[in-house]
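Before any comments, here is the structure.
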Amino acid sequence: MSNVVMAVDTLTNVKLIGADVKDILINTVVPILGIWFVARTWKESGSPLKTFVALIAAGAIWWGVLNMTLLRDQTGETWNHNGTKAAALVTAPVATGGEGR
């Protein structure tokens, strides 16, 4: 009985660690990469316009990562109208045979 409890606790801990890693990636790594991209663009081009466009692109990517579930749900509603999944749609049976016609 105690082995089952330990296994459940281990799985719970792994899920919590996975959630922490996901939060670290979203809230730390993505902004650092965005800042690096903008700084590299500024260093290579020296153009304020290109740097501004890089800043907008990095911000848009970070926003997309932060709102991934929102975008996923909206895409699902667009492609699968009425909230049904394409795989769950029922098709009419096809008549086969026709020997007597």
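Against the test of being aliphatic (A, V, I, L, M) and over 28 Å from residue 62 (Cα atoms), the options 11, 16 yield a single qualifying residue, 11.
Residue pairs whose Cβ atoms lie under 7 Å apart, sitting 6 or more positions apart in sequence or on different chains, and linking a residue in the stretch 26-39 that is within 20 Å of residue 50 (Cβ to Cβ) to a partner that is of a type in the set (Gly, Ala, Ser) and in a helix (DSSP H, G or I), are 34/58; 37/54; 37/58; 38/54; 38/58. Per the listing 59, 64, 97, 34, the residue uniquely at pLDDT below 90 and part of a helix (DSSP H, G or I) is 64.
The values are calculated or read from the model by the stated rules, or taken from the named source; none is laboratory data. As the structure is a prediction and not an experimental result, all values here were calculated from the model. Positions of Cβ are generated from backbone atoms using ideal geometry, with glycine treated the same way; all protein chains shown enter the neighbour counts.
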